[in-house]
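Comments concern the structure below.
Bear in mind these aren't lab numbers, they're just calculated from the coordinates by the rules spelled out. All of these numbers come straight from a predicted model, not from anything done at the bench. Backbone-built Cβ (ideal geometry, glycine too); neighbour counts: all protein chains shown.
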Amino acid sequence: MEREGRTTDEISDWERAAGTRRCGPCTLCCKTHPIPALDKPAAKWCTHAGRGGCSVYAQRPEPCSSYYCFWRRDPAAALTDDDRPDRIGVIFQQGEFEPLPVMDAIQSYPGAAARPKAQAAIARFHAFGWCVIVRDVGHLDRGMLEAPDGTRVAILERRSPGGRRTLHAADAPDTPFELRRYTGSRPLS
């Protein structure tokens, strides 16, 4: 079976779970994420985003069609229907630091992650032993790591020439950050 040019074998379990929630009127990723195919930088609204959703949803470019925020992927273990990104001002996406449990929380405006609904969602991730990195939409290369034990560390993210992402404490930018010390191992399912 083929979906969006890929066979069923190439579709991840996360994408299968994403079928239970639809974007609907939510277009927050249309602001937070860069879309090179449309010459759209991060922190700027896509010209196709509107109150009813994406005006080119059926023909949207590949970076858009392959992106699933964690709200769409989550089988309601951590995020409820009320936690849809446009409702809380924060997009959650799984960090690229596998196998460590790290969740990126991209704020659509300063302070969004400090609001009660976003804090409740972050607390649920912490209950599973996950660290959450709160990032501002215009500065995705840095953020505040919030660990389940309450530790908060300002971090910077670097990419190696090979594309590997590493975290560094802002006060020690030349030393990779030991993320493993702050994470648990409970899965979110």
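Ranking Phe70, Phe92 by Cβ neighbours within 10 Å, fewest first, what do you get?
Phe70, Phe92
Order of Asp39, Asp149 from fewest to most other C-beta atoms within 10 Å?
Asp39, Asp149
In which sequence would Tyr67, Tyr109 go, from the one with the fewest C-beta neighbours within 10 Å to the one with the most?
So the residues, fewest neighbours to most, are Tyr109, Tyr67.
Can you work out the FRET efficiency for the pair Asp82 and Ala169, with r the C-beta to C-beta distance and R0 = 45 Å, to the nearest 0.05?
Details: r = 34 Å, r/R0 = 0.75.
For R0 = 45 Å, the calculated efficiency reads 0.85.
If I stretch the segment between Glu62 and Ser160 completely, what's the gain in nm (0.36 nm per residue apart, minus their alpha carbon distance), one decimal?
Result: 32.8 nm gained on full extension.
Considering only DSSP beta bridges where both residues belong to the range 87-140, give the percentage that are antiparallel (nearest 5).
Working: 6 of 12 bridges.
The antiparallel proportion sits near 50 percent.
Using only Cα atoms, figure out Rg for the range 71-179 and give it as a multiple of 2.2 N^0.38 Å.
That works out to 1.03 for the range 71-179.
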